[in-house]
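A short write-up of the structure that comes next.
The values are calculated or read from the model by the stated rules, or taken from the named source; none is laboratory data. Keep in mind that this is a model prediction, so the values were computed, not measured. Because the Cβ atoms are built from the backbone with ideal geometry, glycine has one as well, and the counts that use them run over all protein chains shown.
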């Protein structure tokens with residue numbers, strides 16, 4: 001049971017979809033022009049080179065089965081993201097290493113690793129996964145990850161209450177919606193199937209600053225089907241340091257046996 005929950009936790013960290021849109025730009029009500037709003041969103045995303053979060057509280061609920069674990073995160077911007085899962089007594093059980101061109105999941109207890117290209121997720125589940133989107137989960141860069149490589153005319157822009165706003169696009173059977181606060185920080189990014197029941201949301205709250213970089217201290221990932229919860233993972237970042245010295249110790253695949261990714265995926269689907 002614990003292994004299944006931990007695998008689901010790691011999977012939720014990477015299953016963030018992006019899709020091309022074709023909808024035209026619209027505005028409703030009195031609000032900032034879309035291009036001005038876009039500029040302010042970009043300015044709110046303070047650049048940084050490294051991120052280290054040595055203590056993250058993780059509460060996972062998968063199909064009614066609950067578990068609390070600790071995680072640690074190390075990131076070198078646009079280069080590598082390392083997420084370690086530490087369920088008890090400071091013992092690292094799983095390590096997820098993300099690179100721009102591949103991902104590797106290490107099961108340290110059973111000395112097994114899994115790896116594939118990001119295209120695997122599109123072939124298996126029909127969702128697009130990439131390094132930049134996952135990287136954005138832990139920073140204020142979720143906006144850039146959501147809109148990169150698209151034309152502004154592809155988005156529907158909707159001013160909301162109290163200075164908030166949302167942008168949305170739909171294509172290839174998926175809808176992506178981003179909601180931002182009056183301070184131009186991302187509140188939520190949601191992905192849903194246009195003709196199906198599945199929905200995945202990432203909620204960001206409790207923003208703080210570390211060395212001049214703004215970041216969300218609380219992140220909640222929720223997967224639902226037909227409105228019913230499938231899984232929810234809440235992360236609380238206790239301490240984060242940006243632009244500091246960062247030691248990266250990637251695992252050596254040669255010291256592990258390679259597991260079958262297809263089998264791992266089938267296990268996740270059975271949860």
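Structure values in brief
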item	result
Strands (runs of 3 or more DSSP E) contained entirely in region 185-243, each with at least 3 residues that are touching a helix residue (DSSP H, G or I) at 6+ places or on another chain (Cβ under 7 Å), surrounded by fewer than 18 Cβ atoms within 10 Å (Cβ to Cβ) and free of Cβ contacts under 8 Å to residues at least 24 places away in the same chain	none
Strands (runs of 3 or more DSSP E) within region 130-184 that include 1 or more residues buried (at least 19 other Cβ atoms within 10 Å of the Cβ) and within 19 Å of the chain's Cα centre (by Cα)	165-171, 174-180
Count of region 78-112 residues which are assigned to a strand (DSSP E or B), in contact (Cβ under 8 Å) with a residue 40 or more places away in the chain and over 21 Å from residue 135 (Cα atoms)	2
Count of region 191-227 residues which are modelled with pLDDT of 90 or more and closer than 19 Å to residue 169 by Cα	3
Counted residues, region 41-59 - those being surrounded by 14 or more Cβ atoms within 10 Å (Cβ to Cβ) and in a helix (DSSP H, G or I)	1
